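**Student:** My structure is below; once you've seen it, I'll send some questions.
The values are calculated or read from the model by the stated rules, or taken from the named source; none is laboratory data. All values reported here derive from a predicted model rather than from experimental measurement. Neighbour counts run over all protein chains shown; Cβ positions are idealised from the backbone, glycine included. Accessible surface areas use protein heavy atoms only, side chains included; no ligands, DNA or RNA. Shrake-Rupley method; radii C 1.70, N 1.55, O 1.52, S 1.80 Å.
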Amino acid sequence: MLFVKTEDLKVGMRLAKPIYNKNGVMLYDRNSKITSQGIISVNNFGLIGIYILEPAEPVPPMSEDDIEFERFQAMSVFTIREILDAYSKNQKEKDMYQFINQLLKKYGSLHHKINFIQNLRSNEDYIYKHSLNTAILCALISSRLGLEFKSQLDIVAAALLHDVGGLMIPGNIRKKRKADITEDDEKKISQCYQNSYMAFKDNTDLSPDIKRILSASIAVLHPDIPAASAKMPTVIGAEILKVAYNFDNMTAMKFGNEPLSEIAAVRYLLEHVDEFDKKVVDALLDSINILSPGVCVEFTNGDKGLVVTANDSNVLEPFVLSFKDNKLYNLGDSAVARSMQIKDIMKTMDNRHVVDSDLLKQYTGKIINMG
């Protein structure tokens, strides 16, 4: 599966993920060959690109949970847009708690792991989709931690609203690549989040618990704003939101930036123990599938293999089948781990060699004697 930018799409490419409209109706199914009209539609949707299957790649299996998860994402974004646009304009939004109850009903009390499938995002809807996915992750994590319903509701509400300041950033700045952001742009961005921080404090419609989570979260996620200079007490809701925020932000396709794999994101969260609460990170790992059976991986020794059995005690140390020697390895065995560990998820199943086009031109049209 590869991510292809909209401008690089070509007729005949096969879709790796379905595309839905706002009512949850599937417009394009997986394995559909994209047409010229389909490329125009992708452009009209404002998507920065789509996931496509490689030429010889089979359609990956999807469970009913996976299909419903993607459908819920597609439908919910339009509700999220209405909620966040209202809050960004200091207007009342009456449907937020109704939506939160719906979200918690689906993902606030699951007893099994799910595949956390990233959605396709455009420059225009990135904040809405990021807020939605952060809220879903917060629901999953808070459930694993055994928090009561009221606490879950407060955390999910804060997750939905935490990035309202991003909607206040001028459009010309929001569309810039990270490397192109100037010092003056940084000041304007900080001011937008500072303004959202003050707006939340003055909002009489939000409960004190939601305000407390939002205040602590914004101060942590945006340490350059003046509000962050004040010492904030540790708030479990803010710790959950921080882990969810970073995991989604690292693994989502962003304009001008390649996403990290789930493996790289998890490794980052686990290694930065001073920054992220380990209990919260563990709850995240207990909520979503990372290295489940069937996932193809690359090893630090250069080999490649297939995950055969997951390891619930340490997701980075499953049983794997090496493609090189067709042997089964337990990465939880210290002797094995000294010579091979998982580097990352395989980015491509295509092992064909890419011929340098300039080199190829040197031989085009010339007669080659075979001896």
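**Student:** For region 303-314, name all the residues that are free of Cβ contacts under 8 Å to residues at least 24 places away in the same chain and in contact with a strand residue (DSSP E or B) (Cβ under 9 Å, 6 or more places away or on another chain).
**Tutor:** Correct list: 306, 307, 308, 309, 310, 311.
**Student:** Under the condition of being open to solvent by 20 Å² or more (accessible area, probe 1.4 Å) and over 15 Å from the mean Cα position of the chain (by Cα), which residue from region 233-255 is modelled with the lowest pLDDT?
**Tutor:** 233
**Student:** Mind counting the residues in region 210-232 that are modelled with pLDDT of 85 or more and open to solvent by 30 Å² or more (accessible area, probe 1.4 Å)?
**Tutor:** 4
**Student:** Of these, 147, 137, which one is over 22 Å from residue 251 (Cβ atoms) and among the hydrophobic types (A, V, I, L, M, F, W, C)?
**Tutor:** 147
**Student:** While we're looking at this one, here's another question. Out of everything in region 170-196 that is closer than 22 Å to residue 83 by Cβ, surrounded by fewer than 17 Cβ atoms within 10 Å (Cβ to Cβ) and not polar (S, T, N, Q), what residue ends up being nearest to the chain's Cα centre (by Cα)?
**Tutor:** 171
**Student:** Something else: Given the criterion crowded, with 22+ Cβ neighbours inside 10 Å, under 17 Å from the mean Cα position of the chain (by Cα) and of a type in the set (Gly, Ala, Ser), identify the matching residue among 131, 142, 122.
**Tutor:** Criteria check complete, one pass: 131.
**Student:** Looking at residue 311 and the list (1) assigned to a loop (DSSP other than H, G, I, E, B); (2) open to solvent by 60 Å² or more (accessible area, probe 1.4 Å); (3) not hydrophobic (A, V, I, L, M, F, W, C), which single condition is not satisfied?
**Tutor:** (2)
**Student:** Another question about this same structure. Does residue 297 qualify as being without any contact (Cβ under 8 Å) to a residue 60 or more places away in the chain and not in a loop (DSSP other than H, G, I, E, B)?
**Tutor:** The answer is yes for residue 297.
**Student:** While we're here: Cβ-Cβ distance below 8 Å, separation of 6 or more or different chains: which pairs start in region 109-130 with a residue that is over 22 Å from residue 290 (Cα atoms) and of a type outside the set (Ser, Thr, Tyr) and end on one that is at pLDDT 80 or above and open to solvent by 20 Å² or more (accessible area, probe 1.4 Å)?
**Tutor:** 123/174; 125/81; 127/167
**Student:** Scan 158, 199 and give me the residue that is touching a residue at least 60 places away in the same chain (Cβ under 8 Å), hydrophobic (A, V, I, L, M, F, W, C) and surrounded by fewer than 19 Cβ atoms within 10 Å (Cβ to Cβ).
**Tutor:** None of the others qualify; the one that does is 199.
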